[in-house]
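Just below is one structure, and these are the notes that go with it.
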Amino acid sequence: MLYYGCEIWGFHYGKVVEKVRLQYLKTLLGVKNPTNSAAVYCETGSFPLKVVRLFGIFKFWFKLLQTKIAL
């Protein structure tokens with residue numbers, strides 16, 4: 001999993017991870033490197049991993065906020 005522990009390492013964009021994933025998707029589709037990234041995401045039905053990480057971060061923080069701490 002490329003975004004393991006995203007709740008901890010937070011809002012870091014992860015350019016290298018995204019570049020590797022995007023290159024893999026372009027190779028999978030058989031398109032050239034200059035192809036628009038948005039077209040690749042649309043064609044594969046996915047979106048940048050940053051969106052997944054942000055969702056994980058917010059989900060983690062909302063879960064923390066709802067946790068009742070016994071003192």
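Considering only the stretch 6-27, I want to know if a residue exists there that is surrounded by 10 or more Cβ atoms within 10 Å (Cβ to Cβ), at pLDDT below 80 and among the acidic types (Asp, Glu).
Yes, the stretch 6-27 contains at least one residue that is surrounded by 10 or more Cβ atoms within 10 Å (Cβ to Cβ), at pLDDT below 80 and among the acidic types (Asp, Glu).
Residue pairs, Cβ under 8 Å, 6 or more apart or interchain, first in the stretch 1-30 and farther than 24 Å from Phe58 by Cβ, second open to solvent by 100 Å² or more (accessible area, probe 1.4 Å) and at pLDDT 65 or above. List them.
Taking only residues 6 or more apart or on different chains, the pairs are Lys26/Lys32; Leu29/Glu43.
For Val40, state whether it is surrounded by 12 or more Cβ atoms within 10 Å (Cβ to Cβ) and at pLDDT below 85.
Answer is no for this residue.
Give me the residue from the stretch 43-71 that is surrounded by 12 or more Cβ atoms within 10 Å (Cβ to Cβ) and of a type in the set (Val, Ile, Thr) and, out of that set, farthest from the chain's Cα centre (by Cα).
Thr44
How many residues does the stretch 15-71 hold that are in a loop (DSSP other than H, G, I, E, B) and in contact with a helix residue (DSSP H, G or I) (Cβ under 8 Å, 6 or more places away or on another chain)?
Selection size over the stretch 15-71: 7.
The values are calculated or read from the model by the stated rules, or taken from the named source; none is laboratory data. Every value quoted in this text rests on a predicted model; they were computed, and no experiment measured them. Neighbour counts are summed over all protein chains in view; Cβ atoms, including those assigned to glycine, are modelled from backbone coordinates with ideal geometry. Heavy atoms of the whole protein, side chains included, go into the accessibility calculation; ligands, DNA and RNA do not. Shrake-Rupley method; radii C 1.70, N 1.55, O 1.52, S 1.80 Å.
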